[in-house]
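The values are calculated or read from the model by the stated rules, or taken from the named source; none is laboratory data. These numbers come from a predicted model, not from an experiment. Methodologically, a virtual Cβ is constructed for each residue, glycine included, from the backbone with ideal geometry; neighbour enumeration extends over all protein chains shown.
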Amino acid sequence: MVAGHQASGILGLAPRPGGSLAEQFLHAEAMNLQIGAGMVLAHRLAPGFQGLERGLDLSLRTVDVGAGFPRPQIGSDRTGAETAPLQPAWAFGLAGEPRRPAEERKGPEILQMSALVSPSSAPAHEAFPPDAILVNSTPLNINRRLDHFLKLISGKEVASQDLLPLLFRYPQGFRLKKLGFTMLSDGRLKMEGHVEKIGGLTIASFERVLFRNPDIVRSPLYAMGQGTDVAYQYQGKGIGTSTVLNEIEFYRALDIPYFLVPVGKKGGRFWPNLGFDFADSTVREKILQDFREHLDRRSIDPSRLGPLPLFRVRHSWNLLHLATDERREVGKEFLLNPYLAWDSLFKLHDEDYPGWELLERAAQKIGRNAPR
């Protein structure tokens, strides 16, 4: 406030403030205290005004300011490399009308056309190439370098220009914004991507590594998940499921037989629902033993569990759906424990693998088919 008054005086836009700098700061602080006291009084006399104030929703509209790829803060609406003006959007309407979200930037017209012709109630999906594809942090201008990396890791001739579009398909209104490949010094190939809500806001990211086990002669090729993060307000819109479906198509084209995902505190329900099972019998027995101890600590009789008895649980999704006769979802409660970690696996080329049925079910919920 003091700096503003000084600048206005220097530019001749207003009389220069009198008194010393300390006196000016004292007057400014007194004004702030008066404003605060006035707001407290207003809230006391008109308590409904506080609800109106909270109804004011500030929505971010991205503007083209030459910023590079945004650095997302997952779980919030902020990005570290973009700026946007704050536009007020009232959260109430006239005569009790329902809340209407702030108007968003329109995406490509093809999205609007697909929404008109789509016969399904599920969201339409479109495949748009990302703004940037990087290979070892260098923009991909020609595909030969990426072809070479994919050949090194998979042992087969690969045309990346045919494979990359498999990773681009997302629900209407979203797209892959950035895709990067990095060949690491130990021979692993790192892949990472960022998904945006069309208009510029980055709302999801994923990271994967393609590798062979150096301790095994003729080891099969693995794809290993290093994290899949979707901003909280965009969960349940098919973003994570679309990412996994895209990846499975891509990995199958590379003849990768196994997709391995270490499950942490956020994935205990997501990955089993997509058909990712315990990585092996050792992992299964360890998790089931921990689950028995979980029941014992809570004085729950295992004989009260259903729809399967505990001794018949063979897959992660069986455990996920275990509940007591009082409908307490103890399986989900256990798998969502933030301190529980276990390895899950999807067998990409085993047509009899039981996880395909769950993946197909998850794909149908968002209007797609499993790449079986």
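Assorted remarks:
- Hits in the range 308-320 - residues which are in a loop (DSSP other than H, G, I, E, B) and either outside the structural domain of ARG284 (by TED's automatic domain parsing) or crowded, with 17+ Cβ neighbours inside 10 Å (or both): VAL313, HIS315
- When the range 327-370 is filtered for residues that are surrounded by 15 or more Cβ atoms within 10 Å (Cβ to Cβ) and on the phi > 0 side of the Ramachandran plot, only GLY367 remains.
- Restricting the range 181-196 to residues that are of a type outside the set (D, E, K, R) and surrounded by fewer than 20 Cβ atoms within 10 Å (Cβ to Cβ), the residue that is farthest from SER154 (Cα to Cα) is SER185.
- Criterion (more than 19 Å from SER242 (Cβ to Cβ), of a type in the set (A, V, I, L, M) and out of contact with any Phe, Trp or Tyr (no Cβ under 7 Å at 6 or more places or on another chain)) met by exactly one of LEU221, LEU179, LEU164, LEU201: LEU221
- Candidate set: the range 330-372, residues that are assigned to a loop (DSSP other than H, G, I, E, B) and basic (Lys, Arg); chosen: the one modelled with the lowest pLDDT: ARG372
- Within the range 132-152, the residues that satisfy the criterion of being surrounded by 14 or more Cβ atoms within 10 Å (Cβ to Cβ) and either at pLDDT below 90 or acidic (Asp, Glu) (or both) are LEU140, ASN143, ASP147.
- Residues that are touching a Lys or Arg at 6+ places or on another chain (Cβ under 6 Å) and in a strand (DSSP E or B), drawn from the range 183-201: MET191, HIS194, GLU196
- Every residue from the range 136-178 that is acidic (Asp, Glu) and not in a helix (DSSP H, G or I): GLU157
- Considering the range 159-213, the residues that are farther than 28 Å from ALA124 by Cα and polar (S, T, N, Q) include one that is modelled with the highest pLDDT, namely THR182.
- Of the residues making up the range 224-244, those that are touching a residue at least 40 places away in the same chain (Cβ under 8 Å), among the aliphatic types (A, V, I, L, M) and part of a strand (DSSP E or B) number 1.
- Residue match in the range 286-307 (condition: small (Gly, Ala, Ser), surrounded by 17 or more Cβ atoms within 10 Å (Cβ to Cβ) and either touching a helix residue (DSSP H, G or I) at 6+ places or on another chain (Cβ under 6 Å) or not in a loop (DSSP other than H, G, I, E, B) (or both)): no
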